[in-house]
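One structure below.
The values are calculated or read from the model by the stated rules, or taken from the named source; none is laboratory data. All values derive from a computational prediction rather than experimental measurement. As a convention, Cβ positions derive from the backbone with ideal geometry for all residues, glycine included, and neighbour counts pool all protein chains shown. For accessibility, only protein heavy atoms count, side chains too; no ligands or nucleic acids. Shrake-Rupley method; radii C 1.70, N 1.55, O 1.52, S 1.80 Å.
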Amino acid sequence: MVGEQAVEVIQIAAAAMAGEVPAERLAEVEFAYPTFTAIVGLAARQVVHALRMPLDEARAWGALGRPRVAEWERREA
Amino acid sequence: MNAPRNDRFDLVVLGGGPAGVTAALRGAELGATVALVEQHRLGGTCTNDGCAPTRVLARAARFLRDATQLPAYGISAPPPTLDLRAPGGDAADGLPPAREEADGGTPGARGRRRPRPRRHRDIPGRERGRARRRRLLEADRFVIACGGHARRLDFPRQELAMTYSDIWQLERTPRSVAIVGAAATGAQLGSIFAAFGSHVTLLEVAPRILAGEDADVSAALAGAFTGHGIEVVAGIGGIRAIEQARRGLRLTYRLADGERELAVDAVVLAVGWPGNLEPLDLPAAGVATERGYVRVDETLRTSAPNIWAAGDITGRMMLVQSATFEGRVAAENALRGDGHSARHAIVAHGGFTDLEYASVGLTETQAAATGEPIAVGVVPYADLDRAVIDGRTEGFCKLVVARDGHPDPRRARGR
Ligand SMILES: Cc1cc2nc3c(=O)[nH]c(=O)nc-3n(C[C@H](O)[C@H](O)[C@H](O)COP(=O)(O)OP(=O)(O)OC[C@H]3O[C@@H](n4cnc5c(N)ncnc54)[C@H](O)[C@@H]3O)c2cc1C
């Protein structure tokens, strides 16, 4: 990743890897707002969007520009 | 007083950087008698010469950058000025290893060490300015943690170039500086000099800067650097020479279509970090080396059965967190015979450039190369409210997972 406080933010991803936390779980963490670290949760939610799509569709999305998530979006059930 | 003193220890650790200090402390924790031998100051490159002082300069650079934002938050103040002699000096003295040494709290012999065959270690040294004396340490096991040093390249007048260790002697910011090598250290120094007002040219042999990072990270950093006025020249064919010019230096480097010249005040080499092998008579101790580093197996044992090595001198990771991990594992394996693997599984790392970058695990390209189907999420900082509030919307976070959701495609379920 690239951006403000990236070297701090990356620790969350490292901890998630160490705990073998799947993307779905990471996407459900209620990260404090407004923080830089919360971007990891947003990225996880975006990955979950991609995972729920069939592989071909996800590839097509990738080509079109990846699906967007936002901090204020309503969580999916 | 000058007579040799014999001391016997369970473990002798050579080098008082992060790897050596950790090995010594872990050894003591395990109940062993330990001697730690350091030729300069405890803390090693990390505290005295590398990460900590660089981080102090990066902090100064950050203050200068943040000051440009003050009007946006309703604050008016005169533009700050920099006195390069002030930051970096002894800023690291508050860090634990240096502090302990200052307090006289860390046991250890000082002196340059040259391992001898068998189990004897003979240390010529100087103790607190008094007469030189030799002290003989004996141990069953040794950990070599002597770190590394900045590589110099072989081209005419290369001695006119600085390495990162000479930076601390600068009294003024050079008006222009060429940095040779745009991996972690070169990128960091370039970013700092640019913030201090130097005109920086970054020269890199690889096709992109920070070549070990994800390609998107390299591209974003190159873009940010260019935005800060840094000239980024990747894919050079090497440096031909440096010459002393009437004012400053003239650096000639090669490109595919010919040579280019740069007129600069200073040249900094940031081109690698070989191990500190020379002062150690390693062949006499039966310790094999490879490509400028001590060769170790996965348990950090060297080719000599009673000698382990840890940290930069093994040439494996070149990071403090990895050096301390290796120091701990080396001490445990030396003293308990655990045979623990020192495989570096999850290593978070990054650089305090502007923009900062960081990563852990595989890049997208490496993850794709595992053959495991992957999913990728990329979120721009501009989508993050905090980044908007702080006026720091450049950058992105890319998350790469296996398509079964596992955070590490190398260890995804079903593999
Ligand atoms: C400019 C710069 C910035 C860096 N920034 C970072 C960063 O931000 N994050 C990060 O993780 N890493 C960073 N590093 C890398 C980090 O400093 C090293 O990976 C780390 O210090 C390695 O620890 P070590 O104990 O193996 O070696 P060192 O820290 O180099 O310690 C080795 C010690 O051994 C001593 N020694 C050498 N030879 C002998 C001998 N013959 N007898 C006795 N003692 C001896 C030396 O004096 C030294 O104190 C940076 C490095 C540099 C140069």
Helix B:18-29 versus the longest principal axis of chain B: what angle, 0 to 90°, nearest 10, using Cα atoms? 40
Long-range amide H contacts for B:I179: which residues qualify at under 5 Å (H placed 1.01 Å from N, peptide plane, sequence gap of 5 or more or a different chain)? B:T201, B:L202, B:L203, B:V268
In sequence order, what are the phi-derived ³J(HN,Hα) couplings for the stretch B:358-368 according to the Karplus relation 6.51 cos²θ - 1.76 cosθ + 1.60 with θ = phi - 60°, rounded to whole Hz, with x for glycine and proline? 7, 7, 8, x, 7, 6, 4, 5, 5, 5, 4
Can you give the charge dipole size of chain B about its Cα centre, rounded to the nearest 20 debye, using +1 on the beta carbon of Lys and Arg and -1 on the beta carbon of Asp and Glu? 1580
How big is D for the stretch B:226-370, in µm² s⁻¹ as a whole number, if Stokes-Einstein is applied with the Kirkwood radius of its Cα pairs at 25 °C and 0.890 mPa s? 129
Cα point-scatterer Debye curve for the stretch B:361-411, base-10 log of I(q)/I(0) at q = 0.18, 0.27, 0.28, 0.31 Å⁻¹: -0.60, -0.87, -0.91, -1.06
Non-local amide H neighbours of B:R240 (under 5 Å, H modeled in plane, Pro and chain starts lacking H): which ones? B:T252, B:Y253, B:R254
Residue-ordered couplings for the stretch B:339-352, obtained by feeding phi - 60° into the Karplus form 6.51 cos²θ - 1.76 cosθ + 1.60 and rounding to whole Hz (Gly and Pro as x), are x, 5, 7, 9, 5, 8, 8, 10, 10, 7, 7, x, x, 8
For B:V13, other-chain or 5+-apart residues with amide H closer than 5 Å (H placed, Pro excluded) are B:A35, B:L36, B:V37, B:V143
Determine the order of B:R343, B:R65 by accessible area, beginning with the largest, at a probe radius of 1.4 Å. B:R343, B:R65
Label model pair B:T33, B:T226: point-to-point distance (7 angstrom along the Cα→beta-carbon line) in nm is 6.4
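What percent does the relative contact order of chain B come to when contacts are Cα pairs within less than 8 Å and at least six residues apart?
Relative CO of chain B lands at 17 percent.
Any chance you could run the full-extension gain for B:R254 through B:D338? It's 0.36 nm times the residue separation minus the Cα-Cα distance, nm to one decimal.
Length gained between B:R254 and B:D338: 25.2 nm.
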Projected onto the charge dipole of chain B (unit charges on the beta-carbon of Lys, Arg, Asp and Glu, signs +1, +1, -1, -1), the Cα from B:L153, B:L269, B:A330 with the largest positive-side position is that of B:A330
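Using only helices, what value at 222 nm comes out for chain B when you add -39,500 (n - 2.57) per DSSP H run of length 4 or more and divide by the total residues, to the nearest 500 deg cm²/dmol?
Helix-only estimate at 222 nm: -6500 deg cm²/dmol.
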Whole-Hz Karplus couplings 3J(HN,Hα) for the stretch B:154-167, θ = phi - 60° and coefficients 6.51, -1.76, 1.60, Gly and Pro as x, run 9, 8, x, 6, 4, 5, 6, 7, 9, 10, 4, 5, 7, 4
From the mean inverse distance of alpha carbon pairs (Kirkwood) and the Cα radius of gyration, derive Rg over Rh for chain B. 1.00
Report the percentage of all Cα-Cα pairs in the stretch B:12-59 whose separation exceeds 14 Å, rounded to a whole percent. 52
Accessible surface of B:Y357 in the full protein assembly, 1.4 angstrom probe, to the nearest 10 Å²? 10
